[in-house]
Every structure is written in structure tokens, then in C-alpha cells.
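A.B. asks: Take this structure first; my questions come after.
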Amino acid sequence: MRVLFIGGTGNISAAVSRLLVERGHELHLLTRGTRGASIPGAQMLKADINDLPAVAALTAGSWDAVVNYVAFQQADVERDISLFRGKTRQYVFISSATVYQKPPQSPFITESAPLGNPFWEYARHKISCELRLNQAFREEGFPAVIVRPSHTYDTVLPLAIGGWQDYSIIERLRRGQAVVVHGDGTSLWTLTHSEDFARGFAGLLGNGRAVGHSFHITSEEVLSWNQIYAAVAEAAGVEARLLHMPSDFIAAQEPSLAGTLLGDKAHSVIFDNTKIKSFVPGYQALIPFREGIRRTLAWFEASPERRRSSGETDRLLDRLIAAFGHLLPPGS
């Protein structure tokens, strides 16, 4: 297949890129080149996606699939519809499982679950992108496919408060300092390694039956947040000190966390992967979190440059702990 990725070197997409190259596909990656990352065997196309003349010249010809990993607003998909109308057999939009209704009607999530997230603007923009692509499919046959990852990790630390690209939460755990967990830590969650996501995703590319459909692709391992933090601490060689706080309290103290908590991680979710398995027979997530997080820590620790920190995670956690401490009775 001749495949174009807009993006393709990030936390989710790099594993997909490597897998397609391994399977012998002709992969082109359109990036701005600011990350300095590359995928051996893929052809790098350097341009800003919003520079339409440059992109049109670089992406001339027909494609079996075009995938946009970095479309976040409806204007992004409007641009892509114009760019790739009549030029691709498949256009895959990377959405997000945050689009599902919050709070959920049921913790058991299928692709037919209602969409709606009043807590997070990011999710609402993704919903508007999906609606526009569905309209383009209905009205003009634009070959849209929607894929909704949920908390997929590889080169990031997948915690609810702190972490991601900030390595300092690992250092904090190793110092024996408390880390904050929302709620009582018993709500259920799913973390998916990007290599597992890649196996399901690659099976959709070139699959004509997928056009017009939406899919989530996740692990089926379900963990509590207490178990997630314990696994991260175990991978770091320590035992976690967990301080539990209500999600509403955390969001009130740090409004930037309202979307990611109230609009996502504060709710238990269990994903039903029947649909992706019916389109990609044999798909199965193989990497348990206990193993995957060890790989992630090994990646961070392979280079001093990856163990970077602005100190923001420590400052955030210290602010929350100080604010919460004022509410506790003396001697707590």
C-alpha cells in the first residue's frame, strides 16, 4: 500500500509507522521536522500541513490511505477533505475515546455509545471533527474512517496527575514523596501500549469495509487507578505513597485538570473491542501494563535527555497536597 501519515513519529503513531514499514508498505510521513525524529524505511516529507501549496505538491498522486494524527479542530478536517478529495481510498481521522458521553450511561463502552463531553473542550472539538467527516461520507462519499484511541502510551508516563513527558514523577516516587490519585483509586481504567494499538490499526488500513465506520482500539486489561500507580512504582523499584483526593476538589484547585478528570479519567470505563476484532480478525492486545510500563521507563532511562523535567509536576502535586491538608482535621 501507498500510505501517507500526517504526523507519524509520536507516542501513538511511531509504533504504527514502524509496523507498516516492517510489513513492506510504502510509507510517507508528512511532518514539520521539528521533533528531529525519523522512522527508518519511511519517506520523510517536510512541510507544515497548513502550507497548502507545499503540501499539495508533496502529496501529489493517489494514496491507498491517508491518516491524520494531528487534526484537532473542524478546520483541520475541512482542509483535509479539500486536499485529499478524490486522491485517497481511505482517510483515517485519529479521534479520541474522550468523545464518549461523560458521565457515561454505562461503564461498558461500545462504538455506539452516545457522544458528548461538557467538561473538556478538546473532546468537543474532536466530536465536531467526527460529525463533519460523517457528513462528508454521507453527502459525497468521502472515505472517512474514525479511530478513537484511549490513553495509549509508549514514550510517555500514563498517569492521571503528573507524568506524561515529565519524568519527575518517577524521581518523586523514588524519593518516597506522596503522589495524588483522584477519588479513592478504585475506579476502573484501561491503558493500551502503542504496539498493541498498532496491530489493530494496521489491520484497518486498506480495508474497504472500514470506510464510514468508527472504532476504538484498546487493551482489554482493566485496572484500578491504585493498581496503575502501584505498577508504575514497582517498575521504578519502590512502593508508592498514594494520597487520595476527590476529583471535584482537584479540578477546583487546578482547573486545567477538569477536562482530563471530570471529562475522562474520573469515570470507570471498560471497552468492548468486538467491532475492531470483527474487522481485524485475530486482533488482541498482548502487552500487560506491568510489562509495558517497564518498557516505558527503560526508554526514558536510556537517555539523560529523556529524563527532563520543568519541575511543574512537583509544584502541581505540592500545591494540591498543601490545599488538601488545610481541609484535614488536626493529626490526620
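A.B. asks: So, in nm, how far is label Gln177 from label Arg241 when the simple model puts each one 7 Å beyond its Cα toward the Cβ?
C.D. replies: A separation of 1.0 nm, rounded to one decimal place.
A.B. asks: Which residue, chosen from Ala210, Ile276, Ala266, occupies the Cα position most advanced towards the positive end of the dipole of segment 206-287, where the dipole is computed from +1 (Lys, Arg) and -1 (Asp, Glu) charges on Cβ about the Cα centre?
C.D. replies: Of Ala210, Ile276, Ala266, it is Ala210.
A.B. asks: Compute, for segment 95-155, the length of the dipole vector about the Cα centre, with Cβ point charges of +1 (Lys, Arg) and -1 (Asp, Glu) only. Units Debye, rounded to 20.
C.D. replies: Dipole about the Cα centre, nearest 20: 140 debye.
A.B. asks: Could you size up the charge dipole of the chain around its Cα centre, putting +1 on the beta carbon of Lys and Arg and -1 on that of Asp and Glu, and report it in debye to the nearest 20?
C.D. replies: 460
A.B. asks: Then there's this: Stretch Ser38-Gln101 to full length: gain in nm at 0.36 nm per residue minus the Cα-Cα span?
C.D. replies: This chain segment gains 19.0 nm when fully extended.
A.B. asks: Please give the FRET efficiency for Ser256 paired with Asp51, using the beta carbon to beta carbon distance and R0 = 30 Å, rounded to the nearest 0.05.
C.D. replies: 0.45
A.B. asks: Let me ask something else about it. For an R0 of 30 angstrom, estimate the FRET efficiency from the Cβ-Cβ distance between Arg85 and Ile321 and round to the nearest 0.05.
C.D. replies: 0.05
A.B. asks: Angle, helix 225-235 long axis vs. longest principal axis of the chain, Cα atoms, 0 to 90°, nearest 10?
C.D. replies: It works out to around 90 degrees.
A.B. asks: Between the alpha-carbon centers of segment 215-231 and segment 39-75, tell me the distance in whole angstrom.
C.D. replies: First find each Cα centre; the distance between them is then 33 Å.
A.B. asks: Tell me the mean residue ellipticity at 222 nm calculated for the chain from its helices only (DSSP H runs of n ≥ 4, each -39500 (n - 2.57), averaged over every residue, nearest 500).
C.D. replies: -10500 deg cm²/dmol, from helical runs alone.
A.B. asks: May I pose another question? What angle, in degrees between 0 and 90 and rounded to the nearest 10, separates the Cα long axis of helix 13-22 from the longest principal axis of the Cα atoms of the chain?
C.D. replies: The angle comes out near 50 degrees.
A.B. asks: Per residue of segment 210-222, in order, report the coupling 6.51 cos²θ - 1.76 cosθ + 1.60 (Karplus, θ = phi - 60°) as ³J(HN,Hα) in whole Hz, putting x for Gly and Pro.
C.D. replies: Listing the rounded values in order: 6, 4, x, 10, 10, 9, 9, 9, 9, 5, 10, 7, 10 Hz.
A.B. asks: Let me ask something else. Report the local net charge at Arg308: Lys and Arg +1, Asp and Glu -1, summed over other residues whose C-beta lies under 12 Å from its C-beta.
C.D. replies: Summing Lys and Arg as +1 and Asp and Glu as -1 gives -2.
A.B. asks: Direction-averaged shadow area of the convex hull around the Cα atoms of the chain, nm²?
C.D. replies: Dividing the Cα hull surface by four gives the mean projection, 16.9 nm².
A.B. asks: Still on this structure, I have one more. Given 0.36 nm per residue, what is the gain on full extension from Glu234 to Glu312 after removing their alpha carbon distance, in nm?
C.D. replies: Extra length from Glu234 to Glu312 when fully extended: 25.8 nm.
A.B. asks: Next up: Among 142-150, 155-163, 201-209, what's the highest-first ranking by average C-beta atoms within 10 angstrom per residue?
C.D. replies: With the highest mean Cβ count within 10 Å placed first, the list reads 142-150, 155-163, 201-209.
A.B. asks: Angle check, please: helix 194-204 long axis (alpha carbons) against the longest principal axis of the chain (alpha carbons), in degrees 0 to 90, nearest 10.
C.D. replies: Taking the Cα atoms of the chain, the angle to 194-204 is about 30 degrees.
A.B. asks: Over 20 Å between Cα atoms, which of Lys126/Lys277; Lys87/Lys275; Lys102/Lys126 qualify?
C.D. replies: Checking Cα-Cα distances, Lys126/Lys277; Lys87/Lys275 exceed 20 Å.
Rule-based calculations on the coordinates, nothing more; no lab input. Predicted model, so just to flag it, every value in this text is computed and none were measured. FYI the Cβ positions are ideal-geometry reconstructions off the backbone, even for glycines, and counts take in every protein chain you see.
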